[in-house]
Amino acid sequence: MATGELKLKLVRPSNSANFLSADQLSDEQKQVVNHRGSPLLVLGPAGSGKTATLVAAIANRIATGDDPNQILAITYGRENASRLRDQIASANSHLHTVNEPIARTFHSIAFLILNDPIAASENNESNKYVLLSGAEQDAIISQLLAVDIQSLSQKSDSNLWPAELIPALSTRGFAKELRDFIGRATERGSSPSELEKYATKYGQKYWPYIGNFWSRYQKTLALRDGTTSNSLTRIDPSEIIISAIERLESNPKLLQRYQKLFKVIYVDEFEESDRAQRKLLKLLSGQELVIFADPKSAVGRFRGADPDNLLADLEHFGIRNQIQLSKKFRDVTNPKVAALSSVSDEANFIAHQFRAAHLRDGVPWSEMAVILRSPGAQVAALSRAFAQNQIPVQIDATALSLADNPAIKPILTIAQIAIGQIKLSPSNWDQIQSLLYSEFAGADAILMRQMRVALSKEQSTDERKSSTELILEALTAKSVDLPWEQLTPLKRINDLIEAAKKSLAKSKDISDLLWSIWSNAKNYDGENIANLWQKQALAGGNKGGIADQNLDAVITLFEVARRFSERLPGAKVGLFIDQLLGEKILADSITASAQRSEVVKVLTVHSTKGLQWRYVALAGMQDGSWPNLKQRGSLLGTERLVEIFRHGISNPEQLDAIAASGLAEDELRLLNVATSRSTEKLFITAVIQEDNQPSRYFEKYAPDDYQLTQNERSITQPAIVATLRRMAMQAQDAGEIEFATSALKTLADAGVRSADPKNWVGIKELSTSAPVIGENEQQRISPSSLESFTECGLKWLLEQSGGKDADSTAQVLGTAIHVIAAQLKQQPELSLAQLEAKLKGAWTLIDMNKGWIKDYEYRRAAQMLQKFYGWNLENKNQLVSVEERFEFELGNSVISGSIDRIELTSENKYYIVDLKTGATAISYEDARENKQLQSYQLAVVNNAFKNKLEHQEVSGAELIFIGDAKAKEAKSRPQAKVDEKAVTSELLKISEQMSSNTFIAKINDRCRSCAVKSSCPIQPQGRGVIQS
């Protein structure tokens, strides 16, 4: 093979799971397979082999001489149809040659009929039908609503909408609910005029307005050339079945053609059909019709499925033959139930069970799945847990929409900025901040604050702007006041926005725009993200698994974009982005996906129909989410409309009761489907928290006295090494010790670094035992660090070495209060109102938050200022100096800092005041021994100030606490005059300990909020420092 060539072998994926040989069929299934000559209804519970029987029946027909081109299999959903086609083809691969797909959906058949070239020529139609996407429908509806809003504001037509709905007209949610209402009505063959009659009959006050709008919507679609350059007839998906029925009923020749084309029809999952689909089937079918159904397994009722009337409607088909499949091939009667303390623990529990099954029992990854009721926090938690446990995973589109994927979101945000959908304004800061925190920019909280401070300091204009405004300006600026090296994250996004705008100037194609962003994307260190993710994916491990998922998402994005451009040539870029953002469940996305055979699937229960695995976990069985009994579409009454069509009942209370009952039945059907997917082992999990309890479905399977489940140690390489190390060091049995040491040596020889004793903490020699400050070196110590060191020496060392976060808002606020309070020295006549005005003027530079948080923090700061001002009015001492810097030597150290206030008492002695903005005042006892105040007093005794004091007599010091929101006044914590000799000796000892080679960790009151406890060996989070 020549250098650089890549040889690929295309292999059809295995679809043997749903094909049964003749000897595997039950007697009932054999009856179905051999049935001929009359319509047949096959009923069976979930797991009874209905789909497998259908495949076997079609295979039998083809094998006995039936023309496969005259056989039609109908199912629900594109993926199900594709999978069914492959199963049928695999069952008769040597005889399976067809001109058209043998398996289709009802919408696919209707689409085929509408675009039939014979019918088009007879009707003098030249345009091709294309489906309107949900985003297109929303866009048209939103545009019409915008016109309505304008008309209502000008009072040119006050009858468009009632007054109480006017505030909702501009919202995306209202447009979607309106689209859903019109769709449900259209699917049932209704019309605007009929809706208005229903409104009168059933007393629905909003329906006349909806009918009026619906009529205008239809006219707009009829006249609209659309946002594309080609002449295409766009059809609402809810209309396609009704339109196909009308086409067949009005054209007997066309109907006869399709009845001859599909002489044999098999229908799977018929419980998912609505009445329009049943009518279309009745028109097309003849005597060779076999229908498979289970009313208790319907999952699409929210999309219009009507399982309640299924058997009644089937009476119109004249089906006299019925076979019940009684044997269940999937029937796990004793599921393993686990209650965990958090979503993370829940995900780790599932990961452990799956990994154990894979390693110990040889269960392939592809024979395991996690089923969720709906997308949520479980998706991210499962992704993390599976990556940590080295489990390959594929997240189904229904569990995580493409627009929400963390790898895709930054690309879409940049595209939205480039086309003007997202304005670079403070109101959109949340989206911009998420973009800056992504890998496409590489910022973090510390770097963000550094950029804010740097940009604020370098403002060259007289008009002061907030740091948020400066960051937003930098994202599109040609140049900034600082070197770009100090603003690397902003530069990364700036470059991508510029590349996107250049692409738009050349081409309006969505694929070109996305490629300009993706191909130019770099991380913080300047590495091309595409190349970086490729390297990480090939390298494997946790990062490799995540990179692999990210690359899959990017490939899917470009495939969706390509298909969008093909379907709607010339469509606006914004329409594509709206489609991705608006369709949170992408089960119907026509997306080519790579065949990843050996992966664990994570998917919602709606995507599991027709699928089975050996091991299945049902995660997140929480109260309020599974079952989810919240009424859908209640504002406009969509659910009442559907129930009217289903039951013909007019009483509003009765309709609401039926809708609520139907919702409960739907949830039971979903549970039935979910619990019947496993052939071998079923896990059911939930989380127990104060505000998040397991649901009654969980308790249905759990024992009465269930307790929290404790997670076991992961079966991963690091965990195995840790277990072997513990065994080698703690085991009493010589055989166990020999086994552990031998296993560790084998792992170490295989390149596992953590198994080699040379790399163990506590075994490997210290890099140095020298003190942190040498004999001939001098260290500088701040008074506050003296106090911090006495609380915990290790914390002080780690924070001094970079373990401390950047200044928080509270710390910046404290500094600001000090600065404003200090102004009373030069301007003692300043009033409280004037001080508050100074605080308010500087607030945008102090607090980077916004909204109610910012307002709350300002009110808190103003209260601090009021308390200080009140204390200052009562203070009888004479103010001598503020923020006075000092410096004095203590052994090999230099104590340096600044004192908030130096005052002179009536006895002509100096008195120290230190202002504290923390929320909690320390005790009187702690204040008496406070090292910071003691060092301040020593500064006076040593006259360590640049501006020398008149004498060195000090009478004491005090801490003034003004940050307690509950206290009405400032709290004082005094300290008596220090014993110069004793305090000097004590501080000297502390300074020597600060420069030593050993630092002690101590439990204290501040441990709870300590920023470095993940590195503290006496804290649970940091025990890994000395243990494995």
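What's the extension gain from Leu873 to Thr333 if we count 0.36 nm per residue and subtract their Cα-Cα distance?
Additional length available on full extension: 186.6 nm.
Bin all alpha-carbon pair distances of region 329-386 at 5 Å intervals from 0 and give each bin's fraction as a whole percent.
4, 16, 23, 28, 19, 10, 2
Once the piece of chain linking Gln218 and Glu953 is laid out straight, how much longer is it, given 0.36 nm per residue of separation minus the C-alpha distance between them?
Separation in residues times 0.36 nm, less the Cα-Cα distance, equals 255.5 nm.
For the residue pair Gln70 and Asp749, what label-to-label distance in nm results when each label sits 7 Å from Cα along the Cα-to-beta-carbon direction?
Modelled inter-label distance: 7.0 nm.
Can you give me the relative contact order of the chain as a percent, contacts being Cα pairs under 8 Å and 6 or more apart?
11 percent
As a test, work out the antiparallel percent of DSSP beta bridges whose residues both lie in the chain, rounded to the nearest 5.
Antiparallel bridges make up about 30 percent of those DSSP assigns within the chain.
Using r as the Cβ-Cβ distance of Asp691 and Asn428, and R0 as 30 Å, what FRET efficiency do you calculate, to the nearest 0.05?
So the FRET efficiency works out to roughly 0.45.
Rounded, prolate or oblate for region 145-187? Axes are the square roots of the Cα gyration tensor eigenvalues, ordered a ≥ b ≥ c, and the cut-off for rounded is a/c under 1.5.
Note, shape of region 145-187 comes out prolate.
Multiply the residue separation of Asp926 and Gln421 by 0.36 nm, subtract the distance between their alpha-carbon atoms, and state the gained length in nm to one decimal.
176.1 nm
Expressed as a whole number of Å, what is the distance separating the alpha-carbon centroids of region 768-800 and region 39-75?
So the two Cα centres are separated by 79 Å.
Might you report the magnitude of the Cβ-based charge dipole of the chain about its Cα centre, with Lys and Arg at +1 and Asp and Glu at -1, to the nearest 20 debye?
1780 debye
For each pair in Lys508/Lys535; Lys502/Lys522; Lys501/Lys522; Lys825/Lys946; Lys948/Lys989, compute the distance between the two Cα atoms and list the pairs where it is over 20 Å.
Lys508/Lys535; Lys948/Lys989
What is the distance in Å between the Cα centres of region 894-951 and region 252-279?
Between the Cα centres of region 894-951 and region 252-279 lies a distance of 91 Å.
Does region 437-559 come out rounded, prolate or oblate by the C-alpha gyration tensor, with a ≥ b ≥ c the root eigenvalues, rounded set by a/c under 1.5 and, if not, prolate when a/b is larger than b/c and oblate if not?
Here region 437-559 falls in the oblate category.
Quick check on the chain: helices-only [θ] at 222 nm, where DSSP H runs of length 4 and up contribute -39,500 (n - 2.57) each and the sum goes over total residues. Nearest 500, please.
-14500 deg cm²/dmol
Report, ordered by chain and residue number, the aspartates and glutamates lying within cross-link reach of Lys327, taken as a straight Cα distance under 17 Å and ignoring same-chain residues fewer than 8 apart.
Candidates past the 8-residue exclusion: Asp23, Asp27, Glu28, Asp294, Glu680.
With a/c under 1.5 counting as rounded, go ahead and sort region 885-1028 into rounded, prolate or oblate using the C-alpha gyration tensor (a ≥ b ≥ c being the square roots of the eigenvalues; past the cut-off, prolate if a/b is larger than b/c, else oblate).
oblate
What does the highest-first list of 270-282, 789-801 look like by mean Cβ count within 10 Å?
Answer by packing, highest mean first, reads 270-282, 789-801.
Starting from the amide H of Asp294, placed 1.01 Å from N in the peptide plane, find each other amide H under 5 Å away whose residue is 5 or more places distant or on another chain.
Phe270, Glu271
With just the Cα atoms of region 221-356, tell me how far they stretch along each of the three principal axes, in Å, largest first.
Rounded to whole Å, the extents work out to 62, 51, 26 Å.
Where does the chain land on Rg(C-alpha)/(2.2 N^0.38 Å)?
Normalised Cα radius of gyration, the chain: 1.18.
Once you place label points 7 Å from the Cα toward the Cβ at Ser108 and Ser82, how far apart are they in nm?
1.0 nm
Identify all lysines with a Cα-Cα distance to Lys282 below 29 Å; exclude those on the same chain that are fewer than 8 residues away in sequence.
Lys30, Lys50, Lys128, Lys197, Lys253, Lys260, Lys263, Lys296, Lys609
Between Lys457 and Gln31, what is the label-point separation in nm under the 7 Å Cα-to-beta-carbon projection?
8.6 nm
Mark the label point 7 Å from the Cα of Ala22 along Cα→Cβ and return the residues of region 40-57 whose backbone N is within less than 20 Å of it.
52-57
Which of the peptides 57-69, 309-321 is most tightly packed, and how do the rest follow, judged by the mean count of other Cβ atoms within 10 Å per residue?
Order by mean packing, descending: 57-69, 309-321.
Values in this text are rule-based calculations from the coordinates and carry no lab data. The shown structure was predicted, so the numbers you read here are calculated from the model rather than taken from an experiment. Counting neighbours? That spans all protein chains shown, and the Cβs are built from the backbone with ideal geometry, glycine included.
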